[in-house]
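The values are calculated or read from the model by the stated rules, or taken from the named source; none is laboratory data. Everything numeric in this text was worked out from a predicted model, so none of it was measured. FYI the Cβ positions are ideal-geometry reconstructions off the backbone, even for glycines, and counts take in every protein chain you see. In case anyone asks, the SASA skips ligands and DNA or RNA and just uses the protein heavy atoms, side chains included. Shrake-Rupley method; radii C 1.70, N 1.55, O 1.52, S 1.80 Å.
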Amino acid sequence: MLKQRFLVQFGSMMLVRAVGTFAGIIVARVAGPGVVGAVAYGTAYVSVFGFIAGLFGSAHIKLVSEGQDQGKCMAVYSRLQAWSTLLYFLVVLGWFLIQKYILHYPFESREIEIIILISLFTYVFTILEQFSSVVFTANLQQAKANLPHVTKELVWYLGRVVIVLLGYRALHLSLWGLVSILIVVPMIFRLLRNIRRGEFDREIFKKYIALGVPTLLITVIGSITGYAGKLMLAHYTNTTEIGFYTAAFSIGGMLLLISVPVGNIFFPLFSKYTAAGDWDSLNDKIKAYQEIIVIFVFPALCLLSLIGGEFLTLILGAKYGPSVLPFVILMFATYVMLLGMPYGNIISGMGKFYLNALINLIKLAVFFVTLTLLISPKFLGLGATGLAINTLVLNLVVNSLYLYFAKRHGDVRIDKSNHIRHAIIVVVTVGIYFLAKVISLPAIPLAAIQSVVFLAGVYLILFAFGLVKKEHLNVMLEALNFRKTADYVKDELRGQ
């Protein structure tokens with residue numbers, strides 16, 4: 001069952017990202033970096049304050065997964081979510097009005113101001129989607145947790161292609177984002193109607209607040225590091241530079257976007273394992289997960305780093321040349337996040353939210369120091385590339401801290417065979433890179449040859465050393481068994 005839940009989560013998010021990447025390519029190529037950057041700026045502006053409405057999701061997952069009365073938890077969580085959503089709306093709207101009419105902040109254009117307001121209403125309804133996802137994640141119902149999000153994203157991505165092809169630009173794209181989330185609101189209420197809701201309980205309420213205090217700091221820092229970088233980039237440069245970064249992120253950072261929702265599978269599971277002291281099962285799950293990531297994801301990212309420059313400029317156009325280096329950097333930032341994600345879930349699963357808050361405080365300090373050095377004109381002034389490097393640095397620092405504390409507070413074991421796999425893949429990547437330098441061929445035939453030689457070289461060597469086995473291939477074959485996964489989804493949606 002766990003495998004099917006993981007495949008539902010991973011597969012649905014990959015579907016969304018595949019469609020999103022396709023749509024992003026068309027939008028970026030047709031509309032240009034200015035339009036892409038304007039929409040991204042509006043989203044970042046309202047998302048910085050998203051921590052206000054995201055305080056109690058982790059607490060709900062933990063309390064329900066530990067066996068607390070779900071009816072009482074729902075009564076408390078729904079009220080807390082409603083209050084925090086209202087507070088979020090008032091804070092964002094108030095800050096916007098203060099900037100505009102009291103501080104007289106020079107927004108780039110009138111259109112940007114309208115986009116911010118549209119993005120605010122879009123985010124308010126997105127909070128409802130996030131609420132639904134948390135409720136079903138706590139119940140280990142992954143299909144129901146994913147369905148509204150996947151539907152909304154597919155509607156959003158496909159619709160924005162039509163919008164730019166019809167000649168519309170940033171303002172209309174933002175409006176379509178609002179329409180996309182409104183379309184799935186009836187679906188969310190339909191899914192939630194069978195969730196049992198009991199009476200408000202003061203003791204449960206105190207537990208939510210106790211878990212929400214350290215979560216507040218974590219979510220504040222997450223919002224700042226996730227979105228303030230784009231705002232700072234616009235401050236030091238312009239929204240076009242955000243467009244270069246967003247184009248790179250939409251492709252190179254695709255797996256980064258699924259790392260958090262996939263982590264939602266591990267969080268309730270690891271809460272059970274750590275509470276029971278079952279470190280053997282926990283280590284087995286981490287080992288199986290990381291082997292698949294190293295064997296199948298890391299080679300793919302290395303291959304994209306070899307051919308990514310030509311690939312990106314071919315599909316987006318020469319005007320996106322500044323996106324190439326951020327694209328490559330973000331791919332490896334993605335990989336670092338995916339590989340180290342289970343260790344963060346161990347910290348949360350053990351209930352060490354204050355330790356998690358400390359790690360995030362360190363993350364915040366690193367964020368501001370490295371971002372200022374990387375993008376400020378007074379220092380390196382690297383623009384979109386600097387923001388990408390900042391993402392990579394943050395992921396390395398945070399995941400190193402998660403690993404350190406997970407080993408210190410728990411019986412976590414490291415699979416050293418992955419070190420050998422990494423070394424082999426990196427050596428082959430470097431070899432193919434220098435080999436391509438001495439071959440005089442057009443870009444597309446050269447990329448095709450690099451791909452074949454790289455994949456053949458990597459997997460032949462891994463097979464020869466016994467680092468890829470039949471069991472790994474069986475996992476991938478089972479991942480392609482859509483019938484079994486589809487049956488799981490049908491059973492869950494039918495309430496079985």
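Table for the structure above
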read-out: One residue from 423, 456, 357, 365 being assigned to a helix (DSSP H, G or I), closer than 25 Å to residue 301 by Cβ, modelled with pLDDT under 90 and among the small types (Gly, Ala, Ser); value: 456
read-out: Residues of the range 368-406 satisfying the condition of being of a type in the set (A, V, I, L, M), more than 19 Å from the chain's Cα centre (by Cα) and assigned to a helix (DSSP H, G or I); value: 369, 371, 373, 374, 375, 401, 403, 406
read-out: Residues (of a type outside the set (A, V, I, L, M), open to solvent by less than 10 Å² (accessible area, probe 1.4 Å) and closer than 21 Å to residue 340 by Cα) located in the range 376-394; value: 390
read-out: Subset of the range 402-421 (residues that are touching a residue at least 40 places away in the same chain (Cβ under 8 Å) and open to solvent by 40 Å² or more (accessible area, probe 1.4 Å)); value: 403, 409, 411, 413, 420
read-out: Condition check for residue 493: surrounded by fewer than 12 Cβ atoms within 10 Å (Cβ to Cβ), at pLDDT below 70, aliphatic (A, V, I, L, M) and over 13 Å from residue 299 (Cβ atoms); value: no
read-out: Every residue from the range 116-142 that is under 17 Å from residue 90 (Cα atoms) and among the aliphatic types (A, V, I, L, M); value: 116, 117, 118, 120, 124, 127, 128
read-out: Condition check for residue 139: within 24 Å of residue 77 (Cα to Cα) and either open to solvent by 50 Å² or more (accessible area, probe 1.4 Å) or among the acidic types (Asp, Glu) (or both); value: no
read-out: Scope the range 427-441; condition modelled with pLDDT of 80 or more and exposed (fewer than 13 other Cβ atoms within 10 Å of the Cβ); matching residues; value: 430, 434
read-out: Flag if residue 67 is outside any helix (DSSP H, G or I) and modelled with pLDDT under 75; value: yes
read-out: Matching residues, the range 40-60, being assigned to a helix (DSSP H, G or I), of a type in the set (A, V, I, L, M, F, W, C), open to solvent by 10 Å² or more (accessible area, probe 1.4 Å) and out of contact with any Gly (no Cβ under 8 Å at 6 or more places or on another chain); value: 52
read-out: Considering residues of the range 70-116 that are part of a helix (DSSP H, G or I) and aromatic (Phe, Trp, Tyr) only, the residue modelled with the lowest pLDDT; value: 77
read-out: Inter-residue pairs, beta-carbon under 9 Å, first of a type in the set (D, E, K, R) and in the range 355-372, second assigned to a helix (DSSP H, G or I), 6+ apart; value: 363/221; 363/222; 363/225; 363/394; 363/397; 363/398; 363/401
read-out: One residue from 98, 102 being of a type in the set (A, V, I, L, M, F, W, C), open to solvent by 80 Å² or more (accessible area, probe 1.4 Å) and either farther than 23 Å from residue 149 by Cβ or without any contact (Cβ under 8 Å) to a residue 40 or more places away in the chain (or both); value: 102
read-out: Every pair of residues 6+ apart whose Cβ atoms lie under 6 Å, when the first sits in the range 457-471 and is within 23 Å of residue 433 (Cβ to Cβ) while the second is surrounded by 11 or more Cβ atoms within 10 Å (Cβ to Cβ) and charged (D, E, K, R); value: 467/421
read-out: So residue 143, is it at pLDDT below 90 and either of a type in the set (Lys, Arg) or in contact with an Asp or Glu (Cβ under 9 Å, 6 or more places away or on another chain) (or both); value: yes
read-out: Any hit, the range 327-346, residues being open to solvent by 50 Å² or more (accessible area, probe 1.4 Å) and without any contact (Cβ under 8 Å) to a residue 12 or more places away in the chain; value: no
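For every residue, the table says whether it meets (1) open to solvent by less than 20 Å² (accessible area, probe 1.4 Å); (2) part of a helix (DSSP H, G or I); (3) charged (D, E, K, R).
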| site | (1), (2), (3) |
| --- | --- |
| 159 | yes, yes, no |
| 164 | yes, yes, no |
| 171 | no, yes, no |
| 176 | no, yes, no |
| 180 | yes, yes, no |
| 186 | no, yes, no |
| 189 | no, yes, no |
| 196 | no, no, yes |
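Matching residues to (1) within 30 Å of residue 162 (Cα to Cα); (2) free of Cβ contacts under 8 Å to residues at least 12 places away in the same chain; (3) among the β-branched types (Val, Ile, Thr):
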{"position": "29", "(1), (2), (3)": "yes, no, no"}
{"position": "45", "(1), (2), (3)": "yes, no, no"}
{"position": "48", "(1), (2), (3)": "yes, no, yes"}
{"position": "57", "(1), (2), (3)": "no, no, no"}
{"position": "72", "(1), (2), (3)": "no, no, no"}
{"position": "78", "(1), (2), (3)": "no, no, no"}
